[in-house]
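Chemist: Take a look at the following structure, please.
The values are calculated or read from the model by the stated rules, or taken from the named source; none is laboratory data. In this text the structure is predicted, and so the values were computed from the model without any measurement. All Cβ positions, glycine included, derive from the backbone under ideal geometry; neighbour counts span all protein chains shown. Remember, those area values only see protein heavy atoms, side chains included, never the ligands or the DNA or RNA. Shrake-Rupley method; radii C 1.70, N 1.55, O 1.52, S 1.80 Å.
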Amino acid sequence: HTTPLVLVHAHLLPNASIGTGRSRLGADPRDIADAVSTVLAAHPGPFRCVYLTGTPMETHADELALWLQHLAAKGVQELIFLSCTTNFDSTVHLPATLFRCTSLTKLYIGFWWFPPTTTLPPTVAFPYLRELGLFSLVMTEQDLAFVLNRCPVLEKVLMTGCRWPVCLRIRSHSLRLVEVCQCIAPEITVVNAPRLERLLLWEAWGGGSLT
């Protein structure tokens, strides 16, 4: 309990080998969700990194809300949270509690509906966030702008398979790298980014042609 928590969901699977990263698949998602709940509740924090990438969250709404409460209260620094789903029409909504995780330095989220930002107070921010990855999300242009404007030290942004047209205006004094992959990107504008070193587009479609 005196050591900051490192939680990787694969280490909870039967016969998991922490040293090699290999594990036997096929564990009951219900058991994995219960194990994650137990770990997050039992450890007092802080949480150095939490990687949750193997649980389909469609039937775990209660656990989802509880996990984010623990992550916010116990100072999670790195969070990779992908809802393991084969249904690309999934309507699992990520709770706005995510914005209480103000200690984050790295955040990668995927296969969610992004929480609407129109109801959030303008004071919310990720003051320490340096890396942001958005994978197969449903969100709006306004949501994306809201997030980027509240990350004053953000250096890296990766967007892959986003399920909305990406209209990105890059206005940042800290961003060094922006990657847009497999997205419909009708508009990407560099407004003011003095530290930007790389803007990478891969299978980013805009205006009816391949960019």
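Chemist: Mind sorting out which of (1) 17.7, 55; (2) 17.5, 63; (3) 18.5, 58 is the real Rg and Dmax of the Cα atoms in Å computed from the coordinates?
Modeler: (1)
Chemist: Could you tell me the distance between the Cα centroids of region 137-211 and region 27-56, to the nearest Å?
Modeler: If we compute the Cα centre of each part, the gap is 31 Å.
Chemist: Residue by residue through region 199-204, what is 3J(HN,Hα) from phi via Karplus (6.51 cos²θ - 1.76 cosθ + 1.60, θ = phi - 60°)? Round to whole Hz and write x for glycine and proline.
Modeler: 10, 10, 10, 9, 6, 9
Chemist: In sequence order, what are the phi-derived ³J(HN,Hα) couplings for region 156-162 according to the Karplus relation 6.51 cos²θ - 1.76 cosθ + 1.60 with θ = phi - 60°, rounded to whole Hz, with x for glycine and proline?
Modeler: 9, 10, 10, 10, 10, x, 5
Chemist: Semi-axes of region 108-211's equivalent ellipsoid from the Cα gyration tensor, sqrt of 5 times each eigenvalue, largest first, rounded to whole Å?
Modeler: 20, 17, 12
Chemist: Related question: What percentage of all Cα-Cα pairs in region 90-135 are separated by more than 18 Å?
Modeler: Details: 312 of 1035 pairs.
Here the long-distance tail beyond 18 Å is 30 percent of all Cα pairs in region 90-135.
Chemist: For ASP62 and ASN149 in one chain, what is 0.36 nm times their gap in residues minus the Cα-Cα distance, to one decimal in nm?
Modeler: Details: separation 87, 0.36 × 87 = 31.32 nm, distance 3.01 nm.
Contour length minus the Cα-Cα distance gives 28.3 nm.
Chemist: Here's a follow-up. Quick one: Karplus J couplings for region 52-69, per residue in order, coefficients 6.51, -1.76, 1.60, θ = phi - 60°, nearest Hz, x for Gly and Pro?
Modeler: Rounded to whole hertz, the list is 10, 10, x, 10, x, 8, 4, 10, 10, 4, 5, 5, 4, 5, 5, 4, 5, 5.
Chemist: Under a 10 Å cutoff between Cα atoms, tell me which one of PHE47, PHE114, PHE146 has the largest fluctuation in the Gaussian network model of the chain.
Modeler: In the Gaussian network model the winner is PHE146.
Chemist: Further question: Run lengths n ≥ 4 of DSSP H only: what is the helix-derived mean residue ellipticity at 222 nm for the chain, with -39500 (n - 2.57) per run over all residues, to the nearest 500?
Modeler: Values: 3 runs with 35 residues, N = 211.
Calculated at 222 nm, the ellipticity per residue is -5000 deg cm²/dmol.
Chemist: Output the antiparallel fraction of DSSP beta bridges having both residues in the chain, as a percent to the nearest 5. Don't skip to the end; give the middle numbers.
Modeler: Details: 3 of 46 bridges.
Among the beta bridges of the chain, antiparallel pairing accounts for roughly 5 percent.
Chemist: Probe radius 1.4 Å, ligands and nucleic acids ignored: give me the carbon and sulfur share of the accessible area of region 52-204 as a rounded percent.
Modeler: It is 55 percent, rounded to a whole number.
Chemist: Around LEU5, what is the net charge, scoring Lys/Arg as +1 and Asp/Glu as -1 over all other residues with Cβ under 10 Å from its Cβ?
Modeler: Once positives and negatives cancel, what remains is +2.
Chemist: If the only charges are +1 at each Lys and Arg Cβ and -1 at each Asp and Glu Cβ, what is the size of the charge dipole of region 92-211 around the Cα centre, to the nearest 20 debye?
Modeler: For this selection, approximately 320 debye.
Chemist: Lys/Arg Cβ at +1, Asp/Glu Cβ at -1, dipole of the chain taken about the Cα centre: which of TYR128, VAL166, ILE80 is farthest positive-ward?
Modeler: Of TYR128, VAL166, ILE80, it is TYR128.
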